[in-house]
Amino acid sequence: MLMRAPKVSGSWSWNLEDVEEPGLEFALMTASRMCAVLEKHALLVPASLEWDWFQTGRGGLGVHSRLTTRSLDAPALPDAIRACRPTGHPQAEIGGIRVLGPGAWFDADGERHSEYRLVELIVAPQETDLWIELSVHHDIWGQCDFRGEPHPAIQANNAPRLASAIQELEQVLGIPAEPGEPTYYGLAEGYGLQAPDIIDGLGPDLTDTAWG
């Protein structure tokens, strides 16, 4: 069992500006291309999409939708997503779409395990742009686990795949990734997580807060 932090331990974002044909179709096409890279590295196999609904001038509506899908490039998918619009809010618009599914991680002995939401991908279509975020919530990518215990073998068995995937995503999207804001549980640096301060052979114990 992996410990999952209640906030991200590292994130990377891209903002595709002045998209020629912005909107849901372009967002899903981009997500499909990105997931091809992530799936190649066994980091994310798409299984479902989740999103909230909002209304311009009103904000979030408190309505959440989920759609099971495996093919992000299916021609019928955009209409299927729009068909989920709440009937009581005909002007509702689609917020950021979260792509969810399992990924693979490897323990210190190299044994493979499946973990749902190992990495998460969000694509948020805007009026002329597309904002994208890739995030991780587990400790397998860093030098230490969340208790501060160094785990070099686990890091070596997992972090290089994430780094390679982010570099390939930069090529797919045509712009470099922007590291996200730090949280209590970590900070993205380059194509991995920032190394913690090691004191007496241990990193910080991050398990002293509430966990989701």
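The values are calculated or read from the model by the stated rules, or taken from the named source; none is laboratory data. If you're wondering where the values come from, they're calculated on a predicted model, not measured in any experiment. Reconstructed Cβ throughout: ideal geometry from the backbone, glycine too, with neighbour counts over all protein chains shown. Note: areas computed on protein heavy atoms with side chains; ligands, DNA, RNA excluded. Shrake-Rupley method; radii C 1.70, N 1.55, O 1.52, S 1.80 Å.
Scan the range 108-136 residue by residue and report those that are closer than 19 Å to Ala165 by Cα and either of a type in the set (A, V, I, L, M, F, W, C) or in contact with a Ser or Thr (Cβ under 6 Å, 6 or more places away or on another chain) (or both). Within the range 108-136, Leu118, Val119, Glu120, Leu121, Ile122, Val123, Trp131, Ile132, Glu133, Leu134, Ser135, Val136 qualify. The residues on offer are Gly180, Gly186, Gly190, and the sole one that is within 19 Å of Lys7 (Cα to Cα), in contact with a Pro (Cβ under 9 Å, 6 or more places away or on another chain) and at pLDDT 95 or above is Gly186. Identify the single condition in (1) within 25 Å of Lys40 (Cα to Cα); (2) touching a Leu at 6+ places or on another chain (Cβ under 6 Å) that Ser135 does not satisfy, given that it satisfies every other one. All conditions are met except number (2). For the range 108-144, the set of residues classified as of a type in the set (S, T, N, Q) and closer than 19 Å to Ala177 by Cβ consists of Gln126, Ser135, listed by residue number.
Based on what the data block shows, is Ile140 touching a helix residue (DSSP H, G or I) at 6+ places or on another chain (Cβ under 8 Å) and under 23 Å from Gly190 (Cα atoms)? So Ile140 passes the test. The strands (runs of 3 or more DSSP E) located wholly in the range 84-202 that include 2 or more residues which are open to solvent by less than 40 Å² (accessible area, probe 1.4 Å) occupy 97-100, 102-106, 119-125, 130-136.
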